[in-house]
Amino acid sequence: MASAEFRPLDEKSLIEYIKATPSLSSKIGNKFDDLTIKEVGDGNLNFVYIVIGSSGSFVIKQAIPYVRSVGESLPMTKERAYFETLALTEHGQLCPDHVPEVYHFDPKMYLIGMRYLEPPHIILRKGLIAGVEYPLLAEHMSEYMARTLFRTSLLYRTTSEHKRAVAEFCGNVELCRLTERVVFSDPYKVSELNRWTSPYLDHDAEAVREDNILKLEVAELKSKFCERAQALIHGDLHTGSVMVTPNSTQMDTLMKGMTGNGDAALDWASFLAYKEWILRTIEETWTLFQKKFTALWHQHKDGPGEAYLPEIYNKPELQQLIQEKYVKDLFHDSLGFGAAKMIRRIVGVAHVEDFESIKDASKRAACERQALELAKTLLKERRKFQAISGVISAIRKLQ
Ligand code: ADP
Ligand code: SR1
């Protein structure tokens, strides 16, 4: 069923909607007596309903015309659901093992129906806070990023295909504007949305606003974010966007944030954090990603991709040079974007449970300050790092 006009649903009205929508009702065997529906949206943007019947289940995600975590004072176009569906579908085709299937999209209701990632799946961030280790995480994350970033880039696509694909996402303006604002601008100026652990971090927040070199570097990243269309990226691939069990890694509702064509490093960047096992996992994920990405490149070096035409670049020594340069640029961009994302989670609008769950404000501020200092170093000195091991050592030195 495609509705005539938009209306926000709730747990009650959703039942009627499901009854009238064959692609959803068939998922629960058209049985409605034992249906349970629960709104679980704890994200920043949308309403998320889990629908469970005796014969099946699914998740409904509906976009509302504002940013949920801020309220109606921060309007946000509902069309984001359309771009999320497009990207979910494309990434799902490229990496079905790690992207939940889309069952239904209603362009008038801005509503997506998709696979329910049933328990024991939990949000990765929550698992990490609880100290759980996920042995397959590096393997799965590197697989997801290598496949989606390679296959949607000019290393695989012709320039015509790429331009067509970029054009499809051109309208995703507002969601990108949100990132431009909350990641690349607000933390560096006085903004009514910003917050931090005050009064402990008052001077630290001010130091960010007064740091000219930091502002110079973040401006470079902002322009990359706005101007590049390197690949179809997830755009908000932090640990709150991934659902896991020890054996499964799924991109949550994926594309929850800034779906679009952007700098591939942005997906990489959102994945930086601490702790011994996490450090090993970051190192392993990057190493595996690099390996898989260049293997795909090698495999398709005579394919349609037009970034490096075979007749010019298919000489072993030149191949190696361009691959090294490509991966090094990606690495440095990733460190920069990762650092900008750490800064925004400490002095910007949207914080993370990793810090917020530390109830004692002075302890929380001490942890946040350490992360902030690391982020500033990474952002300003990212080009000095030659390999992921150097970054891990820099983090270890902090502890
Ligand atoms: P938002 O788009 O608002 O950021 P999220 O994608 O973070 O929303 O989803 C909010 C919450 O809903 C997640 O924290 C997760 O608990 C739950 N959720 C989202 N998608 C699924 C899914 N496919 N299966 C199970 N739970 C989900
Ligand atoms: C108000 S900021 C909202 C944030 O939620 C999304 O998940 C993105 O991270 C975005 O920056």
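Could you tell me whether the stretch 215-237 includes any residue that is assigned to a loop (DSSP other than H, G, I, E, B), among the hydrophobic types (A, V, I, L, M, F, W, C), closer than 30 Å to GLY131 by Cα and at pLDDT below 95?
Yes, the stretch 215-237 contains a residue that is assigned to a loop (DSSP other than H, G, I, E, B), among the hydrophobic types (A, V, I, L, M, F, W, C), closer than 30 Å to GLY131 by Cα and at pLDDT below 95.
Mind listing just one residue for me: the one in the stretch 31-58 that is near ligand 1 (Cβ under 8 Å from one of its atoms) and among the small types (Gly, Ala, Ser) and, of those, modelled with the lowest pLDDT?
GLY43
Table: residues versus (1) closer than 25 Å to ASP236 by Cβ; (2) touching a residue at least 40 places away in the same chain (Cβ under 8 Å); (3) not aliphatic (A, V, I, L, M).
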residue: SER13; (1), (2), (3): no, no, yes
residue: GLU16; (1), (2), (3): no, no, yes
residue: LYS19; (1), (2), (3): no, no, yes
residue: LEU24; (1), (2), (3): no, yes, no
residue: ILE28; (1), (2), (3): no, no, no
residue: LYS31; (1), (2), (3): no, no, yes
residue: ILE37; (1), (2), (3): no, no, no
residue: GLY43; (1), (2), (3): yes, yes, yes
residue: VAL51; (1), (2), (3): yes, yes, no
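Take TYR144 and decide whether it is modelled with pLDDT of 95 or more and not in a loop (DSSP other than H, G, I, E, B).
The answer is yes for TYR144.
Look at THR197 and say whether it is more than 13 Å from ligand 2 (Cβ to nearest atom), over 21 Å from the mean Cα position of the chain (by Cα) and buried (at least 22 other Cβ atoms within 10 Å of the Cβ).
Criteria met by THR197.
Can you spot a residue in the stretch 59-71 that is over 27 Å from THR148 (Cα atoms), within 16 Å of ligand 1 (Cβ to nearest atom), among the small types (Gly, Ala, Ser) and not in a helix (DSSP H, G or I)?
Yes.
Report, by residue number, each residue of the stretch 322-347 that is within 16 Å of ligand 1 (Cβ to nearest atom) and farther than 19 Å from ALA394 by Cβ.
Within the stretch 322-347, ARG344 is the sole residue that qualifies.
Any chance the stretch 64-72 includes a residue that's within 16 Å of ligand 2 (Cβ to nearest atom) and touching a Lys or Arg at 6+ places or on another chain (Cβ under 6 Å)?
Yes, the stretch 64-72 has at least one match.
Being of a type in the set (S, T, N, Q) and touching a residue at least 60 places away in the same chain (Cβ under 8 Å) narrows it down to one of THR85, THR77, THR89, so name that one.
It is THR77.
How about the stretch 96-145: which of its residues are at positive phi and in contact (Cβ under 8 Å) with a residue 24 or more places away in the chain?
The one that is at positive phi and in contact (Cβ under 8 Å) with a residue 24 or more places away in the chain: TYR110.
Residues of the stretch 5-34 being of a type in the set (A, V, I, L, M) and either within 16 Å of ligand 2 (Cβ to nearest atom) or surrounded by 13 or more Cβ atoms within 10 Å (Cβ to Cβ) (or both), which ones?
LEU9, LEU14, ILE15, ILE18, LEU24, ILE28
Say we look at the stretch 35-85 and pick out the residues that are surrounded by fewer than 21 Cβ atoms within 10 Å (Cβ to Cβ) and of a type in the set (S, T, N, Q); which of these is nearest to ASP10 (Cα to Cα)?
Looking at the filtered set, the residue picked out is THR36.
Any idea which residue in the stretch 205-232 is surrounded by the most Cβ atoms within 10 Å (Cβ to Cβ), counting only those that are out of contact with any Leu (no Cβ under 6 Å at 6 or more places or on another chain) and of a type in the set (Asp, Glu)?
Here the residue is ASP211.
Suppose we keep only residues that are free of Cβ contacts under 8 Å to residues at least 24 places away in the same chain and farther than 23 Å from SER191 by Cβ within the stretch 343-365. Which one would you say is surrounded by the most Cβ atoms within 10 Å (Cβ to Cβ)?
ILE358
Determine which member of the set GLU324, GLU306, GLU317 is at pLDDT 95 or above, charged (D, E, K, R) and outside any helix (DSSP H, G or I).
Residue meeting the stated conditions: GLU306.
So that you can scan it fast, the table gives a plain yes or no per residue for (1) without any contact (Cβ under 8 Å) to a residue 60 or more places away in the chain; (2) within 16 Å of ligand 2 (Cβ to nearest atom); (3) in contact with a strand residue (DSSP E or B) (Cβ under 9 Å, 6 or more places away or on another chain):
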{"site": "ALA205", "(1), (2), (3)": "no, no, no"}
{"site": "VAL208", "(1), (2), (3)": "no, no, no"}
{"site": "ASP211", "(1), (2), (3)": "no, no, no"}
{"site": "ALA219", "(1), (2), (3)": "yes, no, no"}
{"site": "SER223", "(1), (2), (3)": "yes, no, no"}
{"site": "ASP236", "(1), (2), (3)": "yes, yes, no"}
{"site": "THR239", "(1), (2), (3)": "no, yes, yes"}
{"site": "MET243", "(1), (2), (3)": "no, yes, yes"}
{"site": "ASN247", "(1), (2), (3)": "no, no, no"}
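Quick check, is LEU379 within 25 Å of the chain's Cα centre (by Cα) and either away from ligand 2 (no atom under 16 Å from the Cβ) or charged (D, E, K, R) (or both)?
The answer is yes for LEU379.
Scan LEU149, LEU154, LEU86, LEU117 and give me the residue that is under 19 Å from the mean Cα position of the chain (by Cα), part of a loop (DSSP other than H, G, I, E, B) and of a type in the set (A, V, I, L, M, F, W, C).
LEU117
For HIS104, are the conditions met, namely being part of a strand (DSSP E or B) and either out of contact with any Leu (no Cβ under 7 Å at 6 or more places or on another chain) or farther than 17 Å from ASP236 by Cα (or both)?
yes
The values are calculated or read from the model by the stated rules, or taken from the named source; none is laboratory data. Since this is a predicted model, take the numbers as computed values, not measurements. Cβ: placed from backbone, ideal geometry, glycine included. Neighbour counts: every protein chain shown.
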